[in-house]
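Heads up: the structure comes next, in structure tokens.
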Amino acid sequence: MDHFVRRALVATALGLVLAVPAGAKAPNIVFILADDLDAASAATMEQVRSLVTDQGTSFRHHYVNVSLCCPSRVSTLRGQFAHNSTIFSNDGPDGGFEGTYAKGLESSTIATWLQGAGYRTVLFGKYLNGYPNTAPSITYIPPGWTEWYSSNDGSPYSEFNYKLNENGQTVSYGSAESDYLTDVISAKATDFIRRSVDQHPEQPFFAYISTYAPHLPATPAPRYAQALPGITAPRTLSFNEPDVSDKPSWLRNAPLLTEAEIATIDKQYLNRRQSLLAVDDLVKSVIDTLEATGQLANTYVFVASDNGFHHGEHRLTSGKLTAFEEDLRVPLSVRGPGVPVGATVDALTANVDYASTFAEIAGASVPSWVDGRSIMPFLHGKAPPTWRRAMLVARGEHGGAPRAFDGLLEPPDPFDTLALSIPPFTGLRTADGYTYVAYANGEHELYQNTRDPKQLRNQYATANEHQKTELAAWLAALTNASGEALRQAELRPPK
């Protein structure tokens with residue numbers, strides 16, 4: 001049974017209509033993942049908005065399980081929540097690339113599943129924090145990738161003076177304008193698309209395009225070094241929050257941000273926004289190349305982020321790692337065959353859903369341990385009969401600043417020092433608008449985000465006991481589940 005016949009049978013069973021006629025090549029998949037891109041900053045990206053969001057469907061309540069790069073990226077690769085992947089941090093021995101490699105998690109990922117389904121698979125840019133430290137060689141390529149272009153030395157976060165493992169050969173890049181990493185990734189991605197169409201016209205491709213921008217230091221492309229003069233971090237109601245007496249102890253005694261700290265936040269915000277202009281250019285180049293090669297109508301394009309980011313909210317210096325909305329909510333826009341144009345989805349979706357979604361597009365099977373759900377029904381304009389009503393959020397025992405910055409782990413954020421004092425937590429983000437957080441030290445947070453979108457009022461102390469008991473039981477059920485049992489537990493609180 002050929003690939004598209006299998007897809008047609010699955011689609012018929014689900015009541016879906018395929019946009020590609022039977023016998024045609026299976027759809028290509030392009031997944032563009034930015035680093036530390038918060039939803040508010042993503043909304044300023046003109047090319048993403050005009051070429052992807054406005055031409056497809058956006059997901060307004062899309063979240064990550066752990067607001068940290070490597071745990072999120074492992075969730076993307078395997079469709080697992082962190083309590084099941086056991087990757088909670090950016091560095092080893094239990095986290096980062098080192099932990100992922102040691103635990104053998106790379107043996108079964110979206111790369112191996114899609115390659116097994118007949119796809120050409122390629123990764124450009126950032127992989128897992130610390131790659132390739134502890135691998136057999138500096139030119140190690142994980143299973144499942146047909147082509148590979150990822151940094152293996154130098155300082156890729158600075159966008160200059162780095163090295164790439166290009167299909168098993170280390171290639172050095174310097175400080176010339178043409179070496180700017182986001183542009184190099186863009187050029188390699190568009191070249192891959194053209195070569196795939198020319199040399200493998202009957203074979204679909206999966207391109208994972210992963211920029212280091214806008215992660216700090218967020219170096220802008222030289223052509224944008226003077227762009228966006230005068231912009232500052234948004235002064236939301238929670239910016240330098242006046243009263244944090246309702247917050248957990250790690251934040252309750254934090255002083256107000258000083259003028260110097262606010263100036264630093266504004267400068268970092270400007271740099272991030274400037275660095276995103278080149279990412280926006282990358283998106284346009286990819287879309288233009290897909291169109292020029294006749295592939296756009298048969299390609300799903302996803303634009304997303306590995307985690308959110310805060311810029312002065314709740315008195316916090318620039319960073320992530322918290323359970324606040326700025327850190328957990330991330331952008332997701334998708335265009336492609338059959339995807340409703342200009343639509344929005346309000347359902348609760350998560351980064352663990354990418355793997356199942358890509359697998360369904362490709363007609364690939366996923367292992368029973370996968371936690372996520374395919375969002376394909378939404379991409380065909382159909383709400384599924386059941387969907388998650390709550391998702392698990394977490395911060396594990398490890399996190400914050402890496403043991404030692406070596407250029408590949410990632411530069412620490414200003415917030416990382418304070419983040420080390422955050423106790424581990426688990427929590428829920430519910431479809432009816434609640435954020436519930438249970439810290440290991442016994443403290444709690446509870447926000448009703450619909451009425452209090454900036455999370456200024458922790459309602460846990462005044463919540464009724466029934467609600468507290470129900471949320472705690474629901475959290476426990478999710479924390480101890482995986483696969484289908486977890487998906488069932490997401491549907492309702494336990495009785």
How do the helices (runs of 4 or more DSSP H) wholly within segment 404-495 filter down when requiring 3 or more residues that are among the aromatic types (Phe, Trp, Tyr) and modelled with pLDDT of 95 or more: which remain?
none
Output yes when any residue across segment 239-251 is of a type in the set (Lys, Arg), assigned to a helix (DSSP H, G or I) and out of contact with any Pro (no Cβ under 7 Å at 6 or more places or on another chain), and no when none is.
no
Just for segment 428-482: of the residues that are on the phi > 0 side of the Ramachandran plot and under 26 Å from the mean Cα position of the chain (by Cα), which one is surrounded by the fewest Cβ atoms within 10 Å (Cβ to Cβ)?
Gly433
Just checking, how many residues over segment 30-76 are within 20 Å of Glu325 (Cα to Cα) and of a type in the set (Phe, Trp, Tyr)?
2
For the structure I just gave you, tell me whether Ser365 is within 20 Å of the chain's Cα centre (by Cα) and in contact (Cβ under 8 Å) with a residue 12 or more places away in the chain.
no
Residue list for segment 319-338, restricted to those being among the β-branched types (Val, Ile, Thr) and over 20 Å from Glu46 (Cα atoms):
Thr322
Of the residues that make up segment 370-381, is at least one surrounded by fewer than 24 Cβ atoms within 10 Å (Cβ to Cβ), at pLDDT below 95 and either farther than 23 Å from Asn84 by Cα or more than 19 Å from the chain's Cα centre (by Cα) (or both)?
no
Can you tell me which residue within segment 86-133, out of those that are among the basic types (Lys, Arg) and more than 19 Å from Asp153 (Cβ to Cβ), is surrounded by the most Cβ atoms within 10 Å (Cβ to Cβ)?
Arg120
Enumerate the pairs (first residue in segment 313-340 and closer than 23 Å to Asp243 by Cα; second residue anywhere and at pLDDT below 95 and among the acidic types (Asp, Glu)) with beta-carbon separation below 8 Å, excluding pairs fewer than 6 apart on the same chain, so at least 6 apart or on different chains.
Thr317/Asp413; Ser318/Asp413; Gly319/Asp413; Gly319/Asp416; Lys320/Asp413; Leu321/Asp416
Within segment 245-300, track down each residue that is without any contact (Cβ under 8 Å) to a residue 12 or more places away in the chain and either crowded, with 17+ Cβ neighbours inside 10 Å or touching a strand residue (DSSP E or B) at 6+ places or on another chain (Cβ under 6 Å) (or both).
Leu296
Consider segment 333-385. How many of its residues are out of contact with any helix residue (DSSP H, G or I) (no Cβ under 9 Å at 6 or more places or on another chain) and hydrophobic (A, V, I, L, M, F, W, C)?
3
Could you tell me which residue of segment 109-125 is farthest from Val370 (Cα to Cα), considering only residues that are out of contact with any strand residue (DSSP E or B) (no Cβ under 8 Å at 6 or more places or on another chain) and part of a helix (DSSP H, G or I)?
Gly116
When Ala359 is evaluated against the numbered criteria (1) under 24 Å from Asp327 (Cβ atoms); (2) of a type outside the set (S, T, N, Q); (3) modelled with pLDDT of 90 or more; (4) crowded, with 20+ Cβ neighbours inside 10 Å, which criterion, by number, is the only one it fails?
(1)
Pick from Gln226, Gln199: which is farther than 30 Å from Ala176 by Cα, out of contact with any Leu (no Cβ under 7 Å at 6 or more places or on another chain), without any contact (Cβ under 8 Å) to a residue 40 or more places away in the chain and loosely packed, with under 14 Cβ neighbours inside 10 Å?
Gln199
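The values are calculated or read from the model by the stated rules, or taken from the named source; none is laboratory data. Treat the numbers as computed from the prediction; the structure is a model and nothing was measured. Cβ atoms come from the backbone with ideal geometry, glycine included; neighbour counts cover every protein chain shown.
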